[in-house]
Amino acid sequence: IPSVSSIVPESCLLIVVGLLVGGLIKGVGEKPPILKSDIFFLFLLPPIILDAGYFLPLRPFTENLGTILIFAVVGTLWNAFFLGGLMYAVCQLGGPGLNHIGLLANLLFGSIISAVDPVAVLAVFEEIHINELLHILVFGESLLNDAVTVVLYHLFEEFANFEQVTILDIILGFLSFFVVSLGGVLVGVIYGVIAAFTSRFTSHIRVIEPLFVFLYSYMAYLSAELFHLSGIMALIAAGVVMRPYVEANISHKSHTTIKYFLKMWSSVSETLIFIFLGVSTVAGHHYWNWTFVISTLFFCLIARVLGVLVLTWFINKFRIVKLTPKDQFIIAYGGLRGAIAFSLGYLLDYKHFDMRDMFLTAIITVIFFTVFVQGMTIRPLVDLLAVKKKQETKRSINEEIHTQFLDHLLTGIEDICGHYGHHHWKDKLNRFNKKYVKKCLIAGERSKEPQLIAFYHKMEMKQAIELVESGGIGKIPSAVSTVSIQNINPQTLPLERVLPALSKDKEEEIRKILRTNLQKTRQRLRSYNRHTLVADPYEEAWNQMLLRRQKARQLEQKMNNYLTVPAHRVDSPTMSRARIGSDPLAYEPKEDSENLPIITIDPASPQSPESVDLMSEEPKGCSGLPPSPEEDEEGLVMRVKEPSSPGTDDVFTPGTSDSPSNQRMLRCLSDPGPRPEPEEGEPFIPKGQ
């Protein structure tokens, strides 16, 4: 019935079903079953926690770990002591029925009822699709506060048996919190590494691959509980550690099996927990005390709101993305209680706690209020406050590239600033993982595979599977690699993927090039401002050069009028050098050639058209003197131009060849025109030439 499920959360409906079933069993004269703590903690809770830990969104979780820990540790301690202290005051003032309840019993009750329940939070928050930040804050708090709850519960239970509690006992109790939480994490990490290492050798027995994941996770939980450590922390640590390595080793079918089996198993456990809560409510022994129950409910809400407001005010001083008042309201309103509190209350011993029935009644009342009232009204409130919802977007290669680039950039910025933030340590951890851990825990060539390539293959495989499931196998593009298809049509894998590797010499050469080029710092350009324009010192010289070139062009045009045919262009320095190289004997220097016209070539700057210069501008015949027979035999001689002095500028210093007569002489030598007839008079260049 969609209209009902859109208003009432699934957890509320399941509790109602449990109440009806329990009432029906009791109506026919049978005794309804009660949710025993052993069944809850050993069989029903682990699948839900493993599902949450294995598929935990690691990036938002680690980025907000500090905030989550403050809410989980400080917030839970505040709730427990605030609620326990106030309930002790209520018991002292509440009349004859409550006077006998001591401080330790009230603190124990406060520690049971103060913890946010992960099962209830998951059931409600997954339905309202809240944004990722708020979801991970509330859900992360519900997961990590287990260590505080376990420590406080066992601590106050033990203290209740003591005749006198000393300062040493309190200090040891405080230290036990670190032992329980860190010990649970250590147990989980050990079993996670063992599971990843085992999955390296399961390529020939794909059928039982999922079994190792469930087996080692459950062993981590049991080992932690055996030593009174935090089983929930152990399960989360095991799931987070094993997942990246296990998924790299196992087949795609095994991955699908793990995913759907965990989802199904956690859903079944969640359903049974809420139904049993309803049945146990009908079947259990209750002792109703209006003062105690109403005070518990009221102080629970007050403690939660005050704790969130004070802690958020403190946290926002250090956060870049601040928690807004809307976020604070959702965090405070999302502090749901559930079956963990009920099971811990059910574990209490009648010998030491004769008020157990009253505690259980108050616990069930708080659970029902948070699940029904807060769970049903949180969705309309989210819509009313226009809180940002979760956006379902598929990750792309582009997003992955930019994410990795920004991580790398932020790590570099932190290193330059000398501030070792979480990006620095994350980069160190990734390097250690890539260098050592992956080689030990991942089989074959995938241990050397870059993260981006692995992500691409994962996306490719997912796309291919979706195409096959939708019946579009014919539409698979030819670009899809065999990696995507190998699990659809199993085939033998290549022995090893060839990865390009640079040799040491090549790597050193690249580094040397980068080092020499990156050290040349660029000159900083000034920003343009019309009020602060500075005269360019080179501007005048450029203008002079342009005027000189303009005059040279005008002289060229005048010289063309004197020639019978259009003048050819002067050979470029490159062509001149080519001619000298092709026939060096024709241009070899002869003896007694001091008075000959000399064409000089400046080999240093072949790009410049001014590199060909005339040092001796008076050619034979053009000077008006008759040529001698020796000169007639020798011809033209090429000489190398003398290098300019260090202080002169070849561009801006006018040379001897820039005068009009030199330009005219250059034109005469470059193209004398056709040889005239004898009757036309005196030729332009004498016959002796």
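The values are calculated or read from the model by the stated rules, or taken from the named source; none is laboratory data. Just so we're clear, the structure is a prediction, and the values are computed from it rather than from any experiment. When we count neighbours, we look across all protein chains shown, and the Cβ atoms used for this are built from the backbone with ideal geometry, even at glycine. The accessibility values were calculated without ligands, DNA or RNA, using every heavy atom of the protein model including side chains. Shrake-Rupley method; radii C 1.70, N 1.55, O 1.52, S 1.80 Å.
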Could you check, for the stretch 153-164, whether at least one of its residues is on the phi < 0 side of the Ramachandran plot, part of a helix (DSSP H, G or I) and exposed (fewer than 15 other Cβ atoms within 10 Å of the Cβ)? yes
Would you call Gly375 part of a loop (DSSP other than H, G, I, E, B) and buried (at least 21 other Cβ atoms within 10 Å of the Cβ)? no
Subset tally (residues that are assigned to a helix (DSSP H, G or I) and among the aliphatic types (A, V, I, L, M)) for the stretch 31-44: 3
Which residue, of Ser223, Ser251, is hydroxyl-bearing (Ser, Thr, Tyr), open to solvent by 10 Å² or more (accessible area, probe 1.4 Å) and in contact with a Lys or Arg (Cβ under 7 Å, 6 or more places away or on another chain)? Ser251
Condition first: open to solvent by 70 Å² or more (accessible area, probe 1.4 Å) and part of a helix (DSSP H, G or I). Now tell me which residues in the stretch 276-304 satisfy that. Trp290, Ile294, Phe298
Scan the stretch 352-371 and tell me whether some residue there is surrounded by 13 or more Cβ atoms within 10 Å (Cβ to Cβ) and within 27 Å of His457 (Cα to Cα). no
Here's a check for you: in the stretch 190-212, which residue that is touching a residue at least 60 places away in the same chain (Cβ under 8 Å) and not polar (S, T, N, Q) is least open to solvent (accessible area, probe 1.4 Å)? Ala196
Suppose we keep only residues that are within 47 Å of the chain's Cα centre (by Cα) and among the aromatic types (Phe, Trp, Tyr) within the stretch 68-105. Which one would you say is least open to solvent (accessible area, probe 1.4 Å)? Phe71
Could you please tell me which pairs satisfy a Cβ distance under 6 Å, a separation of 6+ or placement on different chains, a first residue in the stretch 167-189 that is touching a residue at least 60 places away in the same chain (Cβ under 8 Å), and a second residue that is aliphatic (A, V, I, L, M) and not in a helix (DSSP H, G or I)? none
Can you name the residue in the stretch 254-275 that is among the β-branched types (Val, Ile, Thr) and open to solvent by 60 Å² or more (accessible area, probe 1.4 Å) and, of all such residues, is nearest to Gly188 (Cα to Cα)? Thr257
Pair list, Cβ under 6 Å, 6 or more apart: the stretch 331-347 residue more than 13 Å from Val119 (Cβ to Cβ), other residue assigned to a helix (DSSP H, G or I) and among the aromatic types (Phe, Trp, Tyr): Leu344/Tyr153; Gly345/Phe359
Can you go through His252, His286 and tell me which one is in contact (Cβ under 8 Å) with a residue 12 or more places away in the chain, farther than 22 Å from Val148 by Cβ and under 36 Å from the mean Cα position of the chain (by Cα)? His252
Ile167: passes all of (1) buried (at least 16 other Cβ atoms within 10 Å of the Cβ); (2) more than 22 Å from Ile367 (Cα to Cα); (3) aliphatic (A, V, I, L, M) but (1)
Name every residue in the stretch 226-244 that is of a type outside the set (Val, Ile, Thr) and open to solvent by less than 30 Å² (accessible area, probe 1.4 Å), in order of residue number. Leu229, Ser230, Gly231, Met233, Ala234, Leu235, Ala237, Ala238, Gly239, Met242
Identify, from the list Phe125, Phe109, Phe139, Phe162, the residue that is in contact with a helix residue (DSSP H, G or I) (Cβ under 6 Å, 6 or more places away or on another chain), more than 25 Å from Gly53 (Cα to Cα) and of a type in the set (Phe, Trp, Tyr). Phe109
Mind listing just one residue for me: the one in the stretch 26-41 that is open to solvent by less than 60 Å² (accessible area, probe 1.4 Å) and within 43 Å of the chain's Cα centre (by Cα) and, of those, nearest to Ser230 (Cα to Cα)? Phe41
Of everything in the stretch 350-407, what is over 30 Å from Asp427 (Cα atoms) and touching a His at 6+ places or on another chain (Cβ under 6 Å)? Give them in sequence order. Asp357, Thr361, Lys389
Unmet criterion (only one of (1) more than 25 Å from Ser5 (Cα to Cα); (2) at pLDDT 90 or above) for Leu347: (2)
